[in-house]
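The values are calculated or read from the model by the stated rules, or taken from the named source; none is laboratory data. Since the structure is predicted, the reported quantities are computational estimates derived from the model, not experimental observations. Neighbour counts run over all protein chains shown; Cβ positions are idealised from the backbone, glycine included.
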């Protein structure tokens, strides 16, 4: 079963920041949060992951609340190519399996 | 950037036939996975493989499925007798080490159509 909850869909204007929330209220102390995206039917693409500190890479930033019960993925300047389904994942059983829920379908609007 | 390569990109097979899906994981990776996605549905875990043996498998991964790493570079998924409901995208994935340090890298998938 999913350990995360995400909105089903979101829109974002091109060039604006896209902020995608995720609730993971049952996360335990040593579990990481991973973000992946899937563009159409392509293979899921890794974006970023973190434990408790905020993380940033060339694709996105990840903000994790202090209590670790939720996080937000930030795409700082969304482009049309960022239109995809975004998955927030807390791995099952010490990090082996990924459970992909329904994710958030992000549409970037021109 | 290193990639996970899957072949073929699309395979059509008749019901009851055996099919082998092939994957070349990233060369220094140690953990290998197969996931599948039926059209319009979620991505589902099938099996994980480490140190030349299955480490976990889902309920989907029944006796009709098997995996093999025959030569140290390829990682294959075999479906012994395909059914219509096996039609799906099959994704191979690999990772280098412990999950906290390395995410999965997925291949672009093989679309299997059973007719």
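General observations
- Criterion violated by residue A:13 - all others in (1) in contact with a helix residue (DSSP H, G or I) (Cβ under 9 Å, 6 or more places away or on another chain); (2) more than 14 Å from chain B (Cβ to nearest Cβ) satisfied: (1)
- The single condition from (1) surrounded by fewer than 20 Cβ atoms within 10 Å (Cβ to Cβ); (2) at pLDDT 90 or above; (3) within 14 Å of the chain's Cα centre (by Cα) that residue A:89 fails is (1).
- Flag if residue A:48 is surrounded by 13 or more Cβ atoms within 10 Å (Cβ to Cβ) and touching a residue at least 24 places away in the same chain (Cβ under 8 Å): yes
- Residue count for the stretch B:62-78 satisfying the condition of being in contact (Cβ under 8 Å) with a residue 24 or more places away in the chain and surrounded by fewer than 20 Cβ atoms within 10 Å (Cβ to Cβ): 5.
- Of the strands (runs of 3 or more DSSP E) lying entirely inside the stretch A:1-65, those containing at least 2 residues that are closer than 29 Å to residue B:4 by Cα are A:18-23, A:33-38, A:45-50, A:61-64.
- Output for the stretch B:98-115, where each listed residue is more than 14 Å from every other protein chain (Cβ to nearest Cβ) and buried (at least 16 other Cβ atoms within 10 Å of the Cβ): B:114
- Test: residue in the stretch B:87-97 that is touching a residue at least 24 places away in the same chain (Cβ under 8 Å), within 14 Å of another protein chain (Cβ to nearest Cβ), under 28 Å from residue A:31 (Cβ atoms) and more than 15 Å from the chain's Cα centre (by Cα): yes
- Count of the stretch B:34-50 residues, restricted to those that are assigned to a strand (DSSP E or B), closer than 27 Å to residue A:8 by Cα and at the interface with another protein chain (Cβ under 9 Å from one of its Cβ atoms), is 5.
- Residues located in the stretch A:66-82, provided they are surrounded by 19 or more Cβ atoms within 10 Å (Cβ to Cβ) and part of a loop (DSSP other than H, G, I, E, B): A:78
- Matching residues in the stretch A:20-35 - criterion: being surrounded by 15 or more Cβ atoms within 10 Å (Cβ to Cβ) and more than 17 Å from residue A:80 (Cα to Cα): A:21, A:22, A:23, A:24, A:27, A:31, A:32, A:33, A:34, A:35
- Test result for residue A:17, touching a strand residue (DSSP E or B) at 6+ places or on another chain (Cβ under 8 Å), exposed (fewer than 15 other Cβ atoms within 10 Å of the Cβ) and farther than 30 Å from residue B:112 by Cα: yes
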